[in-house]
Amino acid sequence: MESILGNYQLNLEVLKEPRGFIRCLQWFFAMIAFATLADFSTELSFDIACTNKSLATTHITSTINYPFRVDQNPPHKFGDSPPCGVKYGKDVKNQDITFPGSFASDAQFFVFTGVVSWLYCFVSIAIYVLYSSLYMDNQKQYPRVDFLITALLAMFWLAGSAAWANGLTGLKLVSDPDNWIWTHHFEYAAICFKTTHNPPTYLYPKIKECVTTSRGHFGGANVSVLLGFLNFFLWASNLWFLYKETNWFKGGKTQQQEENTSSEGNVEAANIS
């Protein structure tokens, strides 16, 4: 369906073609992918219980959200009264509870790819609908540009999804306090440090146990990884349809037709002679 909109020729038929329809899918799933990750949050928590049962259990919790710089989360400060009346050794660097790990680069590259792809979909759909003549001219400049940008974004989606999948693995490890609260004598959760005795014991006898109460929930983060690889599939699969619009494809076809015509002419000339 074509209509005149001001000085522009509105062509909606292109949205029924593979390149236009897939571009609309790319716009939608790019938005869902980066929004899912940017909106994701979870929390880790653990309890510090005292050997003296008359003393209160201390609950430690920390929220983890985008861009996942966990090591910059606000520390849990004990002030002048650590739990259970523990007296720290002089070698402890930080008596408060701090948190390890930063996965910002992986997450931000993923979101960057999603936002850039989403914006480019806006631009390209506008060109498809309002400037469809750019795809019909003899120079075929925009189809080539469209193909190259799409190929670049497809590579970005593959790299970004793989990077974020790796970052998410690390984030899950950090979100489980069992992976770090007992192993650091001088920082993070120094109060929960366990010795290498057999069986291991807490360095500070006034601590009965440090127990993880939440390891986080990662449903939304897992979905964002799947959406990332789905976006890679959409952008890569659209390359064939865009390539067919370029003069690289058209030129090869035309050259073959010219060769066939030339051979037919030679055969006819031979027959006449």
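A few notes on this one:
- Number of positions in segment 24-74 that are closer than 15 Å to Gly216 by Cβ, under 16 Å from the mean Cα position of the chain (by Cα) and free of Cβ contacts under 8 Å to residues at least 40 places away in the same chain: 2
- Ser161 vs. criteria of a type in the set (S, T, N, Q), touching a residue at least 12 places away in the same chain (Cβ under 8 Å) and farther than 25 Å from Ala104 by Cα: no
- Close Cβ contacts (under 7 Å, 6 or more residues apart or on different chains) running from residues in segment 104-117 that are open to solvent by 10 Å² or more (accessible area, probe 1.4 Å) to residues that are outside any helix (DSSP H, G or I) comprise Gln108/Pro67.
- When the residues of segment 137-180 are filtered to those that are open to solvent by less than 50 Å² (accessible area, probe 1.4 Å), of a type outside the set (Phe, Trp, Tyr) and in a loop (DSSP other than H, G, I, E, B), the one that is farthest from Ile32 (Cα to Cα) is Lys140.
- Filtered residues of segment 191-236 (kept if open to solvent by less than 40 Å² (accessible area, probe 1.4 Å), assigned to a loop (DSSP other than H, G, I, E, B) and in contact (Cβ under 8 Å) with a residue 40 or more places away in the chain): Tyr204, Gly216, Phe218
- Considering residues of segment 75-98 that are of a type in the set (S, T, N, Q) and open to solvent by 70 Å² or more (accessible area, probe 1.4 Å) only, the residue farthest from the chain's Cα centre (by Cα): Ser81
- Scope segment 47-85; condition under 20 Å from Pro205 (Cα atoms) and not in a loop (DSSP other than H, G, I, E, B); matching residues: Asp47, Ile48, Ala49, Cys50, Thr58, His59, Ile60, Pro83, Cys84, Gly85
- Residue check: Gly101 meets all listed conditions (1) open to solvent by less than 50 Å² (accessible area, probe 1.4 Å); (2) without any contact (Cβ under 8 Å) to a residue 60 or more places away in the chain; (3) small (Gly, Ala, Ser) but one, namely (2).
- Each residue in segment 214-248 was checked for being of a type outside the set (Ser, Thr, Tyr) and over 19 Å from the mean Cα position of the chain (by Cα), and 10 pass.
- If you go through segment 198-218 and keep only what is among the polar types (S, T, N, Q) and at pLDDT 90 or above, you end up with Thr212, Thr213, Ser214.
- If you go through segment 29-57 and keep only what is buried (at least 16 other Cβ atoms within 10 Å of the Cβ) and of a type in the set (Ser, Thr, Tyr), you end up with Thr36, Thr42, Ser45.
- Members of segment 86-130 that are closer than 15 Å to Gly167 by Cβ and in a loop (DSSP other than H, G, I, E, B): Pro100, Gly101, Ser102, Phe103
- Residue count for segment 172-225, restricted to those that are in contact with a helix residue (DSSP H, G or I) (Cβ under 7 Å, 6 or more places away or on another chain) and of a type in the set (Lys, Arg): 2
The values are calculated or read from the model by the stated rules, or taken from the named source; none is laboratory data. This structure is a prediction, so every number in the text was calculated from the model and none was measured. Cβ sites come from the backbone with ideal geometry, for glycine too, and all protein chains shown count toward neighbours. Quick note on the areas: whole protein, heavy atoms, side chains included, nothing else; ligands and nucleic acids left out. Shrake-Rupley method; radii C 1.70, N 1.55, O 1.52, S 1.80 Å.
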